[in-house]
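Data first, discussion second: the structure below is written as structure tokens.
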Amino acid sequence: MKGLSDGVARLVAYAEKYLGLSPYDKIYIRNRLLHILGETTYEPSSVQPEIPALPDGILGDIFAALDAAGVAYDRAVLGERLMDAVMILPGKYAETFFERFHLSPVSATEWAYDYAVRSDYVKKSAIDRNLKWTAENGRIEITINLSKPEKNNKDLQKQLTQASGDYPKCTICRENEGYERIGFSRRNLRTVPLKLNGDDWFWQYSPYAYFNEHGIAIGCNHEPMSLSRKTVERLFDFVERFPHYFIGNNAPLPRVGGSILMHDHYQGGRAVLPMQRADARISFVPEKYPSVRACALDWYNTAFRFEGENRNEVASLAEDVFTAWQNYENRELDILPNTGNEPHNTASCIARKTDTGYILDMILRNNRVNEKYPDGIFHAHAQYHHIKSESIGLIEAMGLFILPARLKRQLGEAKEFLSGARAYDRGAIAEDMRIFAPMLERLLSGGTTTSAQAETLLRKEVESACENILGNTAVFKRNEKGDSALKAFAESCGLKSISEQGGVS
């Protein structure tokens, strides 16, 4: 088939340029590709194939040829199978990484991330379609995620009770490297082995990266997410090896945690997220560790920062605070550490390494529900669910909001109503637009506006909702009662307040 022959020729040329394919292996790899495609002839064009920067177009041409021939196939699985065939093996990937690491950790991660992009494991073309902007106040960043579906809280709760499969036990297990089953493939996944606090872990990049070089450190053992002194030691081990990265753990409980709770893992990468740029709001002196600098951050939710040259002292202070938080109760603020056998108080810790020592940020979380807030007392409240109802995990708690793809269409329709391009009638709007009715009616109370002004208004609505959602997640609210309770809690941990500064309104 002519189209397949040209596609195979281009993919082989691409792999030779970007993926480390040896010229001596070109015929062998070509034949592997033909076998995967079920093709028995090879008649490429005599014209030298154009080699793009990413393989999307090459794969698209191959898929188009199959479609024209009426061949049935799974596009995602076939694409990964083709890319795997032209990639270096996992052992060579790890060897090359560590060869570069011995020269420079930055060189190693830049090479590994670029390889993940070139091999189409990191879906850069899909990621680039996401809508992104920084809020007008400069404090939070927003992405409307068009590349990956978000999971809701009920899905995450089910994960804790679902039995693990036989092999692999979940979608991030080490055994997924090269694995394929019907409707699922990790054929083009490549990983790097790590030792964290003496335990076997590994590093891989996220297919739908939310920021530069976004990756995941994952335990080799299939064990549920947890938070303890070991967590902090692993995070510090990681940033010692990769000081140009940050890394943090999602809170290990549903509603306030990440999307995969049944397997311990951390997220990080080469970025500075908004919370990491926040200044101190209330500064403390740790009585047991006076050389450690400690503060409550000038941030929307409740976050501490601990910083010092001695990593053991920073980790010990964090352990003291987290242990106290696990048992903290304040019924007036709706904070209960547990109900029955269900724990509620947890945290996310985020580590960085600087020229002057170690930084650990700790975000306090609580996942309680009650009659008034069935989705979570310290979760996004119902009046903001039109913008986001999914879990507020580590990345969003740090100020980078990943909003659902539905918003592109919904905000587009809202813009038409506000600009007068379409007449607004609550009874006639689409069912999934009805959640926007209170917002639309409030904004339309002064009449319609121009298209540009409508877009500005809607962006401000999204930004305001995101700020308020972060405020919802704060266990100690930014008010007199909350600040008083925060200081009392800090004092119980041996943190003496020494100063206050202005904060977020």
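Residues that are of a type in the set (Val, Ile, Thr), under 17 Å from the mean Cα position of the chain (by Cα), part of a loop (DSSP other than H, G, I, E, B) and at pLDDT below 95: does region 153-176 have at least one? Within region 153-176, one or more residues are of a type in the set (Val, Ile, Thr), under 17 Å from the mean Cα position of the chain (by Cα), part of a loop (DSSP other than H, G, I, E, B) and at pLDDT below 95. Please name all residue pairs, on different chains or six or more residues apart, with Cβ atoms under 6 Å, provided the first residue is in region 284-307 and is of a type in the set (Lys, Arg) and the second residue is not in a strand (DSSP E or B). Close Cβ pairs (under 6 Å, with a partner that is not in a strand (DSSP E or B)) amount to Lys288/Gly494. Of the residues Arg352, Arg368, Arg409, the single one that is touching a His at 6+ places or on another chain (Cβ under 9 Å), of a type in the set (D, E, K, R) and either more than 28 Å from His244 (Cα to Cα) or open to solvent by 10 Å² or more (accessible area, probe 1.4 Å) (or both) is Arg368. Scoring Phe101 on the criteria (1) more than 29 Å from Trp299 (Cβ to Cβ); (2) part of a loop (DSSP other than H, G, I, E, B) leaves a single failure, condition (2).
Table: residues versus (1) open to solvent by 40 Å² or more (accessible area, probe 1.4 Å); (2) in contact (Cβ under 8 Å) with a residue 60 or more places away in the chain; (3) not in a helix (DSSP H, G or I).
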position	(1), (2), (3)
Glu43	yes, no, yes
Gln48	yes, no, yes
Leu59	no, yes, no
Val71	yes, no, yes
Ala116	no, yes, no
Val122	no, yes, yes
Ile142	no, yes, yes
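Please tell me if Asp264 is charged (D, E, K, R), touching an Asp or Glu at 6+ places or on another chain (Cβ under 6 Å) and farther than 25 Å from Trp133 by Cα. Considered against the rule, which asks whether it is charged (D, E, K, R), touching an Asp or Glu at 6+ places or on another chain (Cβ under 6 Å) and farther than 25 Å from Trp133 by Cα, Asp264 comes out as yes. Taking the criterion of being assigned to a helix (DSSP H, G or I) and either farther than 18 Å from Leu21 by Cβ or within 27 Å of the chain's Cα centre (by Cα) (or both), the residues of region 83-94 that qualify are Met83, Asp84, Pro90, Gly91, Tyr93, Ala94.
Residue by residue, here is whether (1) open to solvent by 60 Å² or more (accessible area, probe 1.4 Å); (2) under 14 Å from Gln383 (Cβ atoms); (3) without any contact (Cβ under 8 Å) to a residue 60 or more places away in the chain holds:
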| position | (1), (2), (3) |
| --- | --- |
| Arg426 | yes, no, yes |
| Glu431 | yes, no, yes |
| Pro438 | yes, yes, yes |
| Gly447 | no, no, yes |
| Glu463 | no, no, no |
| Asn468 | yes, yes, no |
| Glu480 | yes, no, yes |
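Selection over region 371-388 of residues that are crowded, with 20+ Cβ neighbours inside 10 Å and closer than 21 Å to Ile260 by Cα gives a count of 5.
The values are calculated or read from the model by the stated rules, or taken from the named source; none is laboratory data. On a predicted model such as this, the values are computed, not experimentally measured, just so you know. Every residue, glycine among them, receives a Cβ derived from its backbone with ideal geometry; neighbour counts consider all protein chains shown. Remember, those area values only see protein heavy atoms, side chains included, never the ligands or the DNA or RNA. Shrake-Rupley method; radii C 1.70, N 1.55, O 1.52, S 1.80 Å.
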